[in-house]
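The values are calculated or read from the model by the stated rules, or taken from the named source; none is laboratory data. Computed from a prediction, not measured in an experiment: that's the story for all the values here. Positions of Cβ are generated from backbone atoms using ideal geometry, with glycine treated the same way; all protein chains shown enter the neighbour counts. In case anyone asks, the SASA skips ligands and DNA or RNA and just uses the protein heavy atoms, side chains included. Shrake-Rupley method; radii C 1.70, N 1.55, O 1.52, S 1.80 Å.
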Amino acid sequence: MTVTLLRITTDYVDFQDRIRLRCEVEGGSSLDIWLTQRLLARLVPALCNTLLTPARDDAYAEVMQAFAQQSAVSSLVPQAPVQSVQSGPSWLAHVIDLNVEPEGTRIKFRGEGSHAATVIMEGMHLRQWLAILHNVASAAQWQLDVWPTWLHESAIPPANTGAVLH
């Protein structure tokens, strides 16, 4: 059964060496989904590709992506984090499916067995989540070579890193 995610708090858990997505699920419950560095390295280029639009040349595309990314980052608003329930469900994502739809990019996290969760992110929210993921991966000291230059250049400013951003 696939659950619908309403909100995601993204953080790095050192002793797990994984990224935890603390998710608010439709119906008011919570769910933790774990991402490995290897899966994130595959996810990032695929998510970035969903944001690309045909451009006149590579330099123009790079500038436009950087501008759109900076706009998304500057629009981030701190919120209270999603609270995980100690005994709530928690699983490792094995596969992530992406589908670009008119309302946004559908991201489906799939784990072992029937574990599955879906969220749809429109362009601005997807860019904001990419910035948060970049921030978390950087803090985890994971390799950042899969991240495009335009995303590196519009990283979340250090003054905002203490805030919980969704």
(request) State all residues of region 6-29 that are among the hydrophobic types (A, V, I, L, M, F, W, C) and over 16 Å from Ala80 (Cα atoms); if no residue qualifies, say none. (result) Val13, Phe15, Ile19
(request) Would you check if Ala72 is small (Gly, Ala, Ser) and either touching a helix residue (DSSP H, G or I) at 6+ places or on another chain (Cβ under 6 Å) or at pLDDT 95 or above (or both)? (result) yes
(message) Being modelled with pLDDT under 95, within 30 Å of Met1 (Cα to Cα) and of a type in the set (A, V, I, L, M): is that true of Val85 here?
(response) yes
(request) Please enumerate the residues belonging to region 1-21 that are open to solvent by 20 Å² or more (accessible area, probe 1.4 Å) and under 13 Å from Val119 (Cβ atoms). (result) Thr2, Val3, Thr4, Leu6, Arg7
